[in-house]
């Protein structure tokens, strides 16, 4: 797939979000860069898949979203899939357009309204869950909409409750991710202190995730996370960053990873392209591409004796790079948690691939 990061602007002020700091200035993606990146991608793929995301909130640059949606449809006669990752805090009019034009929507909703509203508030400090749940109903009338929850100290022990709530809302899939250290440079004391108070132990997360998984099987709702993505098939590559799939950043770079969403990121290993406006084209770094493509389980020395190496493949490249300083190293605590989840998730390979995949 190709991911287009439409803007750094956001209409919310989430406690753990880097865009809530004073570091980021509002930047909308250069529409010509986005179109060139989409064109480059369409020339190479057999199954075009366009994903709208943002370092901020993608619908804050809604005009560009609509324009790029139309442009992609003009480029190809092949079946085209659109995805949107959003905070869900927008007008009913925008919700209707999304419902009619996007195949898969992931709403950033932290599981339970009271937890969500403590973390995800408007710029003027008002709760947001009511509007998001209203828009969920609009979306569900015409398309698929799932939840994507960030796990913090507030909800790590309440994952079963989160599954029950999603089920009552008619949501078919709930994905979660532990709040991670920031991948962008920020010196904001208030933000740093808030993040520290919300940190989660990865094994505690894993144990509660397994409980949520078992409940979800009874209710008929799917729960997932980035750690179990490869549990349903043999795989030597951890994720799309190893391809690498392009992510077009708001400031004109091509990244391999959702963790490296800004040109000045400390994760420079994942920045492999830059737009040259004067030339109207993107210059790709072939050496960086080859390094990313070499991140196979066969090249992960610490993975060789692991009994589930082909169901994990070293886990998240971005997190490993950020914490251990190299995409070819692993994080032992994460390894332990991933093995625990694999051993306790009752997925029968005869059932085929997981029914949902939150990208």
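What the table shows:
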{"quantity": "Condition met for residue 314 (crowded, with 19+ Cβ neighbours inside 10 Å and within 16 Å of residue 235 (Cβ to Cβ))", "calculated": "yes"}
{"quantity": "Residue in region 38-47 that is under 30 Å from residue 116 (Cβ atoms) and buried (at least 17 other Cβ atoms within 10 Å of the Cβ) present", "calculated": "no"}
{"quantity": "Checking residue 89 against (1) more than 24 Å from residue 172 (Cα to Cα); (2) touching a helix residue (DSSP H, G or I) at 6+ places or on another chain (Cβ under 8 Å); (3) buried (at least 18 other Cβ atoms within 10 Å of the Cβ), the condition it does not meet", "calculated": "(1)"}
{"quantity": "Elements of type helices (runs of 4 or more DSSP H) contained in region 249-359, each with 3 or more residues being at pLDDT 95 or above and more than 30 Å from residue 220 (Cα to Cα)", "calculated": "286-293"}
{"quantity": "Residues being in a loop (DSSP other than H, G, I, E, B) and out of contact with any strand residue (DSSP E or B) (no Cβ under 8 Å at 6 or more places or on another chain) - total across region 76-126", "calculated": "10"}
{"quantity": "Residues of region 190-205 satisfying the condition of being out of contact with any strand residue (DSSP E or B) (no Cβ under 9 Å at 6 or more places or on another chain) and either in a strand (DSSP E or B) or at pLDDT 95 or above (or both)", "calculated": "203, 204"}
{"quantity": "Residue in region 16-38 that is modelled with the lowest pLDDT, counting only those that are in contact with a strand residue (DSSP E or B) (Cβ under 8 Å, 6 or more places away or on another chain) and in a loop (DSSP other than H, G, I, E, B)", "calculated": "16"}
{"quantity": "Region 39-55: number of residues that are without any contact (Cβ under 8 Å) to a residue 60 or more places away in the chain and touching a strand residue (DSSP E or B) at 6+ places or on another chain (Cβ under 9 Å)", "calculated": "7"}
{"quantity": "Test set (1) crowded, with 23+ Cβ neighbours inside 10 Å; (2) within 18 Å of residue 329 (Cα to Cα) - residue 250 fails condition number", "calculated": "(2)"}
{"quantity": "Test for residue 26: is it surrounded by fewer than 19 Cβ atoms within 10 Å (Cβ to Cβ) and without any contact (Cβ under 8 Å) to a residue 60 or more places away in the chain", "calculated": "yes"}
{"quantity": "Sole exception among (1) at pLDDT below 95; (2) surrounded by fewer than 20 Cβ atoms within 10 Å (Cβ to Cβ); (3) in contact with a helix residue (DSSP H, G or I) (Cβ under 9 Å, 6 or more places away or on another chain); (4) closer than 24 Å to residue 15 by Cβ for residue 177, by number", "calculated": "(3)"}
{"quantity": "The listed residue being over 29 Å from residue 39 (Cβ atoms) and surrounded by 14 or more Cβ atoms within 10 Å (Cβ to Cβ), out of 289, 308", "calculated": "308"}
{"quantity": "Hits in region 206-244 (condition: touching a strand residue (DSSP E or B) at 6+ places or on another chain (Cβ under 7 Å) and either in a helix (DSSP H, G or I) or at positive phi (or both))", "calculated": "209, 212, 213, 216"}
{"quantity": "Identity of the residue in region 48-75, in contact with a helix residue (DSSP H, G or I) (Cβ under 7 Å, 6 or more places away or on another chain) and in a loop (DSSP other than H, G, I, E, B), that ends up surrounded by the most Cβ atoms within 10 Å (Cβ to Cβ)", "calculated": "56"}
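The values are calculated or read from the model by the stated rules, or taken from the named source; none is laboratory data. Computed from a predicted structure; not experimentally measured. In this analysis, Cβ positions are derived from the backbone assuming ideal geometry, glycine residues included, and neighbour counts consider all displayed protein chains.
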